[in-house]
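Have a look at the structure below, then the notes.
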Amino acid sequence: MPNVIQQIVEGQDAAARLGTLADAHVYPRSIHPLEESALFLVQRNGRRLLALLSGQPDSRGLALEMRELEHDGQTLWLGLGKLSHDNAARVRALLPTTAPTRVGLRTAAGLGDRLGLATPGHIRAMRHTTEVVPVLAQQSIREMERTGRSPQEVLDDATWGVLQEGWRQPWGADADHLMTAHDIDACLAAGFVMYTLDPRAHVDNAAETDDIATLRAKYEALPWERLDSTAEATYAAYVGQTWYLDVSHRLAMSDTGLLRAACKYGTALAHIRELYEHLRDAAGDRPWELEISVDETDTPTRPEEHLYIALELRRLGVEWVSLAPRYIGRFEKGVDYIGDLQTFEEDWRWHVAIARALGPYKLSLHSGSDKFSIYPIAARHAGDLVHLKTAGTSYLEALRAVARIDPPLFREILTFAATHYETERRSYHVSGELAHLPDPDTLPDAQLEQQLDHFDTRQVLHVTFGVVLNATDSDGRPLFRERLYDLLSGHEETHYAMLEKHLARHVTPFEA
Ligand SMILES: [Zn+2]
């Protein structure tokens, strides 16, 4: 690095010095020395821009407008450019820490960012722990459809947040709840690294309550060819067998146990295997890793069903780093665990025993936000083998910032959300009731922020993010989207501070 650039970008006042040169606010942690130059992010007129200060006119392959400037009698070049996809891709190539990597078996926390503005706050939360790897890009196809964002935008927004906050540790990117080969291709093209396969459309929930004759008939009719097995061979491999998982967990498979497991999940496993092979072939030599999730099914995954899933997937050649069974109790959106903690603990210990004996692989906790009462239990028994997933809770923190900064806008959003709750709740696990909501119009400003600590209000706001973001007025103009983005961009520090505080509470229980 030429001496003059070094003098500018090193030391405490670097952001101020660069800010004067660039005539913009410089994010202090975003300054990354890059050979003969420095790369950083600025904000000007409410917009973030990518900036490069260099002793050369060369923009390093970035789309930047370069202009010459004099500093202490020397000629320097300052480039400014948009946070475009091309620039994000080039930044990832220039600064490898801004690209996602595999997380493997390390404890992970998925920090879904529906608005694309939360990553800096998430990173600040992650600085409260040294042992949890953040998954900073994490979005399901359903969430992307509802927020109107593409896999590429989700990944690029995470990269900009990483650059802005100067995060130099590994981070992951999870293409969540993928159901088709088409979903996989879209996320591969965007550069995701972790793939969460969700075969829920092929899970037979009725098997939970089917009588034995129905189970036998369904069992015979399973797609045995796609499972590389026969009804007889699978039966013989399981029924009457006992697995000694650890000193306190011994699992014996009964006739009904196998029939129910196979009927419930057999077709889903054939589907997973096909998606897995598609991913493996399509990914080529790009890095990737896999999670299997059956969490969004109607009934809990029994221990013998988890065992069946893991053994069968292994037999079919599928490799994964984490698995999300459907645990006992209720994992509702945006609120704490609902259920008996001792029952959860017993159930969790079974799943841990299986994941250790047959992997090891991590247990994934979906709808994992705000489940404060179970984090210590999960950490105590699973140790490092946990992948926690959160998403909507960060959107709620954005709304907490709105409640503090712009009370009338918050009232409007809450009123709108309430009118759409009954429709939107259908695709989510929530039990919040509109009748328990206060009237937004009579709530004093000082009490609005507390609404974000209220069970029913949280769920009403949580499940309506899509309709809120996509709402338009009678002329087709966005009702809330722009105001929300403008407000959060104009009050970044408030937004980040709320995210930091709330998400730090999620990750610190998993410190060893
Ligand atoms: Zn999930």
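The values are calculated or read from the model by the stated rules, or taken from the named source; none is laboratory data. What you see is a predicted model; the values in this text were computed from it and never measured. Note that each Cβ is placed from the backbone with ideal geometry, even for glycine, and that neighbours are counted across all protein chains shown.
With respect to Asp228, determine if the residue is of a type outside the set (S, T, N, Q) and within 16 Å of the ligand (Cβ to nearest atom).
no
Any residue at all in region 161-172 that's assigned to a loop (DSSP other than H, G, I, E, B) and within 16 Å of the ligand (Cβ to nearest atom)?
Checking region 161-172: not a single residue is assigned to a loop (DSSP other than H, G, I, E, B) and within 16 Å of the ligand (Cβ to nearest atom).
Among the residues of region 308-323 satisfying the criterion of being surrounded by fewer than 24 Cβ atoms within 10 Å (Cβ to Cβ) and not in a loop (DSSP other than H, G, I, E, B), which is farthest from the ligand (Cβ to nearest atom)?
Arg315
Among the numbered criteria (1) within 16 Å of the ligand (Cβ to nearest atom); (2) at pLDDT below 95, which one does Ala175 miss?
Of the numbered conditions (1) within 16 Å of the ligand (Cβ to nearest atom); (2) at pLDDT below 95, the odd one out for Ala175 is (2).
Looking at Ala158, is it more than 16 Å from the ligand (Cβ to nearest atom) and surrounded by fewer than 22 Cβ atoms within 10 Å (Cβ to Cβ)?
Against the criterion (more than 16 Å from the ligand (Cβ to nearest atom) and surrounded by fewer than 22 Cβ atoms within 10 Å (Cβ to Cβ)), Ala158 does not qualify.
Could you list, in sequence order, the residues of region 454-498 that are part of a helix (DSSP H, G or I) and in contact with a His (Cβ under 6 Å, 6 or more places away or on another chain)?
Within region 454-498, Asp456, Val467, Leu488 qualify.
Of the conditions (1) free of Cβ contacts under 8 Å to residues at least 60 places away in the same chain; (2) surrounded by 15 or more Cβ atoms within 10 Å (Cβ to Cβ), Asp441 clears all except one; give me its number.
(2)
Run down Leu461, Leu487, Leu443 and say which single residue is in contact with a helix residue (DSSP H, G or I) (Cβ under 9 Å, 6 or more places away or on another chain), of a type in the set (A, V, I, L, M) and at pLDDT below 95.
None of the other options fit; the residue is Leu443.
Assess whether Asp255 counts as being over 27 Å from Glu291 (Cβ atoms), more than 16 Å from the ligand (Cβ to nearest atom) and not β-branched (Val, Ile, Thr).
The answer is yes for Asp255.
Of everything in region 265-304 that's more than 16 Å from the ligand (Cβ to nearest atom) and in a loop (DSSP other than H, G, I, E, B), which residue is surrounded by the fewest Cβ atoms within 10 Å (Cβ to Cβ)?
Out of the qualifying residues, it is Asp285.
Output the residues belonging to region 127-161 that are over 15 Å from the mean Cα position of the chain (by Cα) and within 14 Å of Ala88 (Cβ to Cβ).
Trp160 - this is the single residue of region 127-161 that is over 15 Å from the mean Cα position of the chain (by Cα) and within 14 Å of Ala88 (Cβ to Cβ).
Any chance region 200-209 includes a residue that's away from the ligand (no atom under 16 Å from the Cβ) and either under 16 Å from the mean Cα position of the chain (by Cα) or closer than 15 Å to Glu143 by Cβ (or both)?
no
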